[in-house]
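Values quoted throughout were computed directly from the atomic coordinates according to the rules given, and no laboratory measurement underlies them. If you're wondering where the values come from, they're calculated on a predicted model, not measured in any experiment.
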Amino acid sequence: MNKKILGFALAAALFAGPALAQDKKSIDVTATAAIVSDYSFRGISQTDNNPALQLGVEGAMKVNDYFTGFVNLWGSNVDFIPNVDDGAHAEIDFTVGFRGAVSGLGYEAKYITYNYPGASKNLNYDFREIAGSVNYDFGFVIPTAGINYSTNYFGNSGNATYYYAGVKVPLSFIPYDTRILANIGKQNIDKNAAFGTPDYKDWNVGIFATFFGVDVGVQYVDTDLKTNECFGGGVSKDLCKGRAILSVGYTYAF
């Protein structure tokens, strides 16, 4: 995506909303920090099953309940190839989009750039996605469904589509905003050999709570990839296996 298109998307997300209503706009900025025992992306470890420090900041302009434009910057340490230095030690993502809700029905649309500074250029790690999702708040349960699409996925692996569905179950009878989160997804990739795996499914389920502003959680993450299908097996065989992930995070609103 060239600079003109990105600039147009940013302007649309942040300023098109006023045409939808006359409500007074509000701008919110939030910062997040988290430590996880493993950075999992669609079921595959991005840190060789090791911990990650993740930082993010988001600016959002709310026009009304139906429209909020936002920009987000997020980063994490990464380690893709065990025992090999490919130059990629960090992932930095930039997201621009908009979200809102109408009578309990929520929606979000966004454009994401995934960047890996320092990685060897011939590895073609950097990629882009457009994404959309919807959810509905029934009160006792909030189901979600979404899709992400890339014209040229990680590692120059061609068109890729990720479909997913999830659910959030608030446990209102337990204090500390305790909730269960579960998701299942299907990753389709045009050039499987370039990526390193066949098309695959991933899933996770976990329980999370907030104690005095600190979010803590534990979840189980897994894929249907066999050992020899996980980037050829060998030193990479454990990147796709089932595992428990612990997380501790904090969000600060300015």
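Here are the numbers:
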quantity: Under 19 Å from the Cα of Lys186 - aspartates and glutamates, other chains or at least 8 residues apart; calculated: Glu129, Asp199, Asp202, Asp222, Asp224, Glu229
quantity: Degrees separating the helix 3-15 axis from the principal Cα axis of the chain, which is the longest one; calculated: 40
quantity: Set Lys62/Lys121; Lys62/Lys168; Lys62/Lys191; Lys62/Lys201; Lys121/Lys241 screened for pairs whose C-alpha atoms are more than 31 Å apart; calculated: Lys62/Lys121; Lys62/Lys191; Lys62/Lys201
quantity: Reciprocal of mean inverse Cα separation for the range 130-254 (Kirkwood radius, Å); calculated: 16.5
quantity: Rg(Cα)/(2.2 N^0.38 Å) for the range 181-254, N = residue count; calculated: 1.41
quantity: Per-residue HN-Hα couplings for the range 144-157 [Karplus 6.51, -1.76, 1.60; θ = phi - 60°; Hz; x = Gly/Pro]; calculated: 9, 9, x, 8, 10, 9, 10, 7, 8, 6, 3, x, 6, 9
quantity: Distant alpha-carbon pairs in the range 46-164 (separation over 26 angstrom), percent; calculated: 32
quantity: Gaussian network model of the chain, Cα within-10 Å springs - most flexible of Gly75, Gly166, Gly87; calculated: Gly87
